[in-house]
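Each remark here refers to the structure printed beneath this line.
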């Protein structure tokens, strides 16, 4: 079974912002991996917001979805009970909806790796106790 890559907002933003500290790393990793990259609506929204803050074009995020480079791998309303459980478990961090969705995607896809720049994923666990395989920049 092929490993799925679940993408968080950080690598998307880094890919689209040449001034981002992780830009080169993100470009290289997106180039090495096979599309589609699995994500969720909350990550898409967060990435668009962050791209705008970096003075970029937020439409590039939806264009990636339209081209098939990204695919939405879960519906929040179908997973709300588990998402609530995750956010309650990590409320001291706190865990965002986007992060909860990414963790849930990692639970749903046993053979997956989370592509992120967020250090919280070193703390998060899938299925309560399992480390989440990560694809992170060397500096994270």
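The values are calculated or read from the model by the stated rules, or taken from the named source; none is laboratory data. Remember, predicted model here, so these are calculated numbers, not experimental data. Backbone-built Cβ (ideal geometry, glycine too); neighbour counts: all protein chains shown.
Within region 99-137, can you find the residues that are in contact (Cβ under 8 Å) with a residue 24 or more places away in the chain, surrounded by fewer than 20 Cβ atoms within 10 Å (Cβ to Cβ) and in a helix (DSSP H, G or I)? Once the filter is applied, which keeps residues that are in contact (Cβ under 8 Å) with a residue 24 or more places away in the chain, surrounded by fewer than 20 Cβ atoms within 10 Å (Cβ to Cβ) and in a helix (DSSP H, G or I), region 99-137 yields 107, 108, 120. May I ask you to verify whether residue 88 is out of contact with any helix residue (DSSP H, G or I) (no Cβ under 8 Å at 6 or more places or on another chain) and either over 16 Å from residue 130 (Cα atoms) or in a loop (DSSP other than H, G, I, E, B) (or both)? Judged against the criteria, residue 88 is a match.
For (1) buried (at least 20 other Cβ atoms within 10 Å of the Cβ); (2) without any contact (Cβ under 8 Å) to a residue 24 or more places away in the chain, each residue gets a yes or a no:
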| position | (1), (2) |
| --- | --- |
| 3 | no, no |
| 35 | no, no |
| 47 | yes, no |
| 63 | no, yes |
| 67 | no, yes |
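Inspect all residues belonging to region 73-94 and state whether any of them is under 11 Å from residue 13 (Cα atoms) and more than 17 Å from the chain's Cα centre (by Cα). No. Being out of contact with any strand residue (DSSP E or B) (no Cβ under 7 Å at 6 or more places or on another chain), modelled with pLDDT under 95 and surrounded by fewer than 14 Cβ atoms within 10 Å (Cβ to Cβ) is a description that does not apply to residue 81. Screening the candidates 10, 56 for the property of being surrounded by 15 or more Cβ atoms within 10 Å (Cβ to Cβ), out of contact with any strand residue (DSSP E or B) (no Cβ under 7 Å at 6 or more places or on another chain) and modelled with pLDDT under 95 yields one hit, 56.
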